[in-house]
Amino acid sequence: MISRSLRRPLAAVSILALLAGCQATPNTELRGTGDLGVVVERATGSLAVVDTSEHRVLERVEGLGDLSHASVKFSRDARYAFVFGRDGGLTRVDLLTGEITHRVMQSGNSIGGAVSQDGSLVAVANYEPGGVKIFDSETLEEVAEIPATYRDEDGREQRSKVVGLVDAPGNRFVYSLFEAGEIHLIDMHGDTPEVTRFTDVGEEPYDALIGPSGRYYVAGLFGEDGLALLDLWHPEAGVQRILPDYGRGEERLPVYKMPHLEGWAMAGNEAWLPAVGRHEVLIADTDDWSLVDRIAVHGQPIFVMRRPDERQVWVNFAHPDNDVVQVIDTERREIVATLEPGEAVLHMEFTPKGEQVWISARDSDRVVVYDTRTLEEVARLDSESPSGIFFTDRAHRIGL
């Protein structure tokens, strides 16, 4: 039997040994992932891992290929970033070590992806060849391929570009087919994918979003005014057209960059959306999806994003008005600030509770951080051609 006098030294030695075994590698600080994020540096094919409280770059991960339209999703534990490159590359990056753990070239041209509700699957939307591929999130081994096929006017089978891919509750994925004018729903709950097709949803769906609750999937239509809505609680009801003819009688302006619906703003029972080819933000009543108001803005809106408390909506714009960001008070429906973060503003990202917003200015090679209460600049980070900014709280939000 070990005497009481010997127990404390042995316990101390054991704890020290345990701590020594748990020490981080020389290149890794012991930290949580909830305060981290990434900035896509498109010109260099790299990813800057950032600390959102300290406003600094922790690591730069290189060798990620063509990031000209890259997007990022996060694993369930928020440790890994899945990077979807335009060249078809899918890469898993460890945010704590700054290392690439897995990388596959899964298509010729891709446009984003999603992580399933349980975190086990990663789906990628492909332009070439048109379709969706699904991978195991731990190994990036391919689990399924679903071609985006449709029949053209002559009855010939074609493959469509896939856009607007999002995750939905029940280990489902939803996406739109640009040329086909369809929305597809994939159920991955069982051993094999079950695909439900919704046809004739509208002309040229170009992007889509899913509401914070995961109930409504809304696809924007480039070929016509309006949007297509699928109620995932009642998919048997089919797709409903909403906000039809919101531009009736008006001349549409040339579209220099397609709006993005991913960052749509939900404020109370209202949805705030970018109008295609118009200098307007649209406001819809989410009870009946009727158009209730329009707000004239600086240019053609690209992202219309709400602050997490829903009191503000921040808007950036297409070329040639892309050096400006406007802030709208959602209660008064008025523009309260026009900011100039730099040239070619591409993306905005709020910190999880919304006290700050990070904005990328590609042609100024910087990321600018603003206090959302005072609207004053609080930090500036050097970054080579930054585009998308993504924080790890997205790991626990539907559709992001």
- Of L30, H298, L67, farthest towards positive along the dipole that unit charges on Lys, Arg, Asp, Glu beta carbons give the chain: L30
- Message: Only counting other Cβ atoms within 10 Å, I'd like M188, M105 sorted with the fewest neighbours first.
- Response: M105, M188
- Task: Quick one: which residues, 5 or more positions from A379 or on another chain, have an amide H under 5 Å from its amide H? H modelled 1.01 Å from N in the peptide plane, none for Pro or chain starts.
- Result: V369
- Message: Of the candidates V124, V368, V40, which one comes out as most mobile in a Gaussian network treatment of the chain with C-alpha springs shorter than 10 Å?
- Response: V368
- Item | Built amide H within the under 5 Å cut-off of R172, gap 5+ | Q117, M188
- Message: Can you pull out the trypsin sites (Lys or Arg not before Pro) in the stretch 124-185 whose DSSP state is coil and whose Cβ has at most 14 other Cβ atoms within 10 Å?
- Response: R156
- With a cut-off of at most 15 other beta carbons within 10 Å, and DSSP calling the residue loop, which GluC sites (Glu not before Pro) in the stretch 310-348 qualify? Please list them. E331, E343
- Query: Once the other residues with Cβ under 10 Å from the Cβ of Q312 are scored (Lys, Arg +1; Asp, Glu -1), what is the net sum?
  - Reply: 0
- Give me the compactness ratio for the stretch 260-399, meaning the Cα radius of gyration over 2.2 N^0.38 Å. 0.99
- Message: Counting only pairs 8 or more residues apart or on different chains, how many lysine pairs in the chain have their Cα atoms under 23 Å apart?
- Response: 6
- Query: Using alpha-carbon pairs under 8 Å, 6+ residues apart, how would you state the relative contact order of the stretch 260-399 in percent?
  - Reply: 14 percent
- Query: Along the charge dipole of the chain, which of V93, S160, A208 sits closest to the positive end, that is, farthest toward it, with unit charges on the beta carbon of Lys, Arg, Asp and Glu (+1, +1, -1, -1)?
  - Reply: V93
- Task: With a cut-off of at most 11 other beta carbons within 10 Å, and DSSP calling the residue loop, which GluC sites (Glu not before Pro) in the stretch 92-190 qualify? Please list them.
- Result: E141, E153
- Residue-ordered couplings for the stretch 67-76, obtained by feeding phi - 60° into the Karplus form 6.51 cos²θ - 1.76 cosθ + 1.60 and rounding to whole Hz (Gly and Pro as x), are 10, 5, 9, 7, 10, 9, 10, 10, 5, 4
- Message: Which of I100, I183 has the fewest other C-beta atoms within 10 Å, and how do the rest follow up to the most?
- Response: I100, I183
- Note on the structure: One would report the Cα pair-distance distribution of the chain, bin width 20 Å, in %, as 27, 56, 13, 3, 0
- Viscosity 1.002 mPa s, 20 °C: Kirkwood-radius Stokes-Einstein D of the stretch 77-126 over Cα pairs, µm²/s: 191 µm²/s
- Order of H55, H234 - criterion: other Cβ atoms within 10 Å of each residue's Cβ, fewest first: H234, H55
- Task: Sort 279-290, 215-226 for me by packing, meaning the mean count of neighbouring Cβ atoms within 10 Å per residue, highest on top.
- Result: 215-226, 279-290
- Message: Taking θ = phi - 60°, what integer Hz values does the Karplus form 6.51 cos²θ - 1.76 cosθ + 1.60 yield along the stretch 179-185, in sequence order, with x for Gly and Pro?
- Response: 5, 7, x, 10, 10, 10, 10
- Item | Degrees separating the helix 4-22 axis from the principal Cα axis of the chain, which is the longest one | 40 degrees
- Note on the structure: The set of residues whose placed amide H lies less than 5 Å from the amide H of S137, leaving out same-chain residues fewer than 5 positions away, is L121, V122
- Specify the inter-centroid distance of the stretch 316-382 and the stretch 383-400, based on alpha-carbon positions, in whole Å. 15 Å
- HN-Hα J in Hz across the stretch 99-108 - Karplus 6.51, -1.76, 1.60, θ = phi - 60°, x for Gly and Pro: 10, 7, 8, 8, 8, 9, 9, 9, 6, x
- Along the positive direction of the dipole of the chain (beta-carbon charges: Lys, Arg +1; Asp, Glu -1; about the Cα centre), which of I359, H279, A265 reaches farthest? I359
- What FRET efficiency do you get for D371 and R76 if R0 is 25 Å and r is their Cβ-Cβ distance, rounded to the nearest 0.05? 0.20
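FYI, it's all coordinate maths here, none of it is from the lab. Quick caveat, the model's predicted, so the values are computed rather than measured. Cβ coordinates were reconstructed from backbone atoms using ideal geometry, including for glycine residues, and neighbour counts include every protein chain displayed.
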